Amino acid sequence: MASKSNSGKSVLVIGLGRFGGAVASTLDAMGQDVLAVDKNPEIVARWSAHLPTIQADMTDVMAIEQIDAAQFDTAVVAIGDSIEASVIITGNLLDAGISDLWAKSVSQEHARILQRIGARHIINAETDAGKRVGHLVAGNYLDYIEIDGPYTVVKIHTPLYAVGRSIEEVQVHDKYGVTVVGIKAPGKEFQYGSRELVMHRNDELIIMGKQDQIDHFIQG
């Protein structure tokens, strides 16, 4: 297992197809401790130069034990070609004690089964791009939308340093280069991000900017 950094979480990604590969590489690029697993040796060989990767069949409980899956904070089951394998692996990981589990579904029926056995997050394979899911798994954003060009729109909670301060006071655009599109306070209507608007704890901010600018704004 990759050594756990102070700021990141350890994430086990099962399945290195196009979706799983995008999740794993996005998490790795963000500094999370990722271990990617696939049963296909050719796929593992292709990814091993880029990510910590091992070959294993995770429908086998012995494989779960051998990689010490219980040590991981989060698991992503990114298998779409076999509903049976997806359900078995999800069950094995839940039995191992991983509660923060994200599982890709390929149909409504598949999603219902995953939900029934206890998967906390069901990923719709049609609408949830792997890169977006990677950002959500990392836990920095409430939602993430990639738009054309270098810009990204994300939903976050108010950073601690900005609580009780206005958009103008924090110099959101001048200092960080991001734009607060709007703010949704609990139980209140959505408000557009005027300069005098005060950001409160638990407010949801919709912000737009380049990835590094957004991360800088979150960290303060």
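The values are calculated or read from the model by the stated rules, or taken from the named source; none is laboratory data. Keep in mind that what you see is a predicted model, and the values were worked out from it rather than measured. As a convention, Cβ positions derive from the backbone with ideal geometry for all residues, glycine included, and neighbour counts pool all protein chains shown. In case anyone asks, the SASA skips ligands and DNA or RNA and just uses the protein heavy atoms, side chains included. Shrake-Rupley method; radii C 1.70, N 1.55, O 1.52, S 1.80 Å.
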Would you be able to tell me the number of residues in the stretch 23-53 that are assigned to a helix (DSSP H, G or I) and either farther than 19 Å from Trp102 by Cβ or open to solvent by 30 Å² or more (accessible area, probe 1.4 Å) (or both)? 10
Anything in the stretch 108-122 that is open to solvent by less than 70 Å² (accessible area, probe 1.4 Å) and closer than 21 Å to Leu136 by Cα? List them, or say none. Ala111, Leu114, Gly118, Ala119, His121, Ile122
Enumeration of residues in the stretch 188-219 that are buried (at least 18 other Cβ atoms within 10 Å of the Cβ), assigned to a helix (DSSP H, G or I) and not aliphatic (A, V, I, L, M): Gln213, Phe217
The stretch 3-29, residues that are modelled with pLDDT under 85 and touching an Asp or Glu at 6+ places or on another chain (Cβ under 9 Å): Ser3, Lys4, Ser5, Gly8, Lys9
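Just to be sure, is Gly20 on the phi > 0 side of the Ramachandran plot and small (Gly, Ala, Ser)? Walk me through it before giving the result.
Values: on the phi > 0 side of the Ramachandran plot: no; small (Gly, Ala, Ser): yes.
Answer is no for this residue.
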